1. Can you order the peptides 426-436, 96-106 by their average number of other Cβ atoms within 10 Å per residue, highest first?
2. Using amide H atoms built 1.01 Å from N in the peptide plane, name the residues 5+ places from Ala50, or on other chains, whose amide H lies under 5 Å from its own.
3. Whole-Hz ³J(HN,Hα) for each residue in the range 121-131, computed from phi via Karplus 6.51 cos²θ - 1.76 cosθ + 1.60 with θ = phi - 60°, x for glycine and proline: what do you get?
4. Modelling each spin label as a point 7 Å along the Cα-to-Cβ direction, I'd like the Ile100/Ala332 distance in nm, to one decimal.
5. Can you work out the Karplus-derived ³J(HN,Hα) for every residue in the range 390-400? Use 6.51 cos²θ - 1.76 cosθ + 1.60 with θ = phi - 60°, whole Hz, and x for glycine or proline.
6. For a quick check: with amide H placed at 1.01 Å from N, whose amide H comes under 5 Å from Gly120's, ignoring anything fewer than 5 positions away on the same chain?
7. Could you work out the Rg to Rh ratio of the range 275-317, with Rh taken as the Kirkwood radius (inverse of the mean 1/r over all Cα pairs)?
8. In the structure shown, do any of Lys218/Lys294; Lys41/Lys481; Lys41/Lys206; Lys218/Lys300; Lys51/Lys299; Lys51/Lys294 have a Cα-Cα gap over 20 Å, and if so which?
Amino acid sequence: MECLKCGANILEDSAVFCPECGARLDGKTSCPTCGELIDDKYAFCVFCGAKVDENTTDKSCNLEQDGAFPPACDTTLAENNEASLSNENGKRWNSVFAWIRAGLGITLTLLSLVFVFMIGFQSVLAGDALAFVEMGMDSDPQTIKLFYYFGDAYKEISDLKEMLLFQSKLPIIGAYIHAIIGTVISAATIACVVGFAVLAIINFTKFAITKVENNSGKWAVRSVIAYLAGCAALYVLNFCTVNLDLIIPKTSNTGTYLQGVMAIGYDIVTIAGIVLCSVFLALYAIVNYIKLGKAWKSKKTVFNFVFGVLAAAFAIVACAVGQNAIVGTTIAITAGFPQNIQFAMSQLPFSSFLVSFIEPQISPFFDSQYVNQMNTSYAFALVQEIMALGVVACSLCAIAARIFETEGKTKGTLLLSILTAAFSIAQLIAGIVSQSIMHNLCRELLTGGSAAITTTLIVSNAIITLVFAGLQLITSIIHSKTAKIIKP
């Protein structure tokens, strides 16, 4: 074979470097930043994006007839060998990091595959169960698993219809809408996690056998993000806290004080899955940034890292708080024996409960105007629930983008930040409108417009979500505007 650089003839077929000038025989050169082999014609490295110094491979160097190097490219075999050794050391370290990333990727894949089929929620009761009985609520502990929305949810709705407790169809409609959303989310979670996991395993197998570029990590991260998104979305549907402070009258002057607390949240297995996946996801992100190596000497790399971490931190808080950012209410009955009832639960089941609570008080004279008001509340309730799901999905996608993004590409993350903030605003507004309509109606029907009942909206979590979604958006805008003017 013939050396592409100096033209020397090499007899060994398996030779990698030229014995005369030390150049690689395949026409490739090592990136001065990450050490990966690239075509010497490339202006930028395809692995790390760093600019390749044009002087690293002097294409004008050719041997003179007598075998001496021209003065303009005076270099020695020893210098070339030293550079080759340095490149080989860099390649060795890159290989180590590649295996570490592959190992973390396959671990993430297995975790998401195992825990996705164990997603579950359970209710915890404290205080007096009689308080819930007095309110007409079921105080029995409940357990909801991932496959609940594939069968049991619809069976419970069917049982509810047979009881014929309501004149209007609103509670049944709300229950069906809620169940269908849950079915879609559950099916999408399983499909995405399994699909991404299969792609991750295929790419890991290719990497282990042929040593091709490792792409298993990006699919593993997507698999875990799909799992976390499924957990968060189902939490939005099932989240519930109810606090009751009741005084049940014994006589006209005395009563029995009852207090009860009910909360529905993640079960212990789901919590373990979320924690493990989050820890290994963080480790993968750290390794992904460490692999930049010499690129950390660049101001631009540090700049992108700082803004990436800030935006990811804001997105994490927005997602964590956004899961229970459903607008709630406090109902205080101030006349007679004081009662204080605080609800914070997904809108559709809550609205269904209010309808069942209101109708017995006014039947059989259920005015059509009340039906119209409840229909309006239901419409905004559906919008609120979908917007809350949008907040969770966009913030998690933004976190995934920050894990992959090491070179400051800002368009995708800026769009996700805009969507997260927009969903947060819409979720808050829709929740306030829906709750206001339902609780004003409740007060009107039960008290005839008197001041015996007061209602207060619970919007703290929704406001916190909006604040951090806004901070994420501001950070992304600043990053996008300034990334181009920061010099390497």
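Only the coordinates and a few stated rules stand behind these numbers; no lab work does. Quick caveat: nothing in here was measured; it's all calculated off a predicted structure. Cβ atoms come from the backbone with ideal geometry, glycine included; neighbour counts cover every protein chain shown.
1. 426-436, 96-106
2. Here Cys45 satisfy the definition.
3. 9, 9, 9, 10, 10, 9, x, 8, 5, 4, 4
4. Simple spin-label model gives 5.7 nm for this pair.
5. Going residue by residue, I get x, 4, 5, 5, 5, 5, 5, 5, 5, 5, 4 Hz, with x marking Gly and Pro.
6. Distant-sequence amide H within range of Gly120: Asp267, Thr270.
7. 1.03
8. From Lys218/Lys294; Lys41/Lys481; Lys41/Lys206; Lys218/Lys300; Lys51/Lys299; Lys51/Lys294, over 20 Å: Lys218/Lys294; Lys41/Lys481; Lys41/Lys206; Lys218/Lys300.
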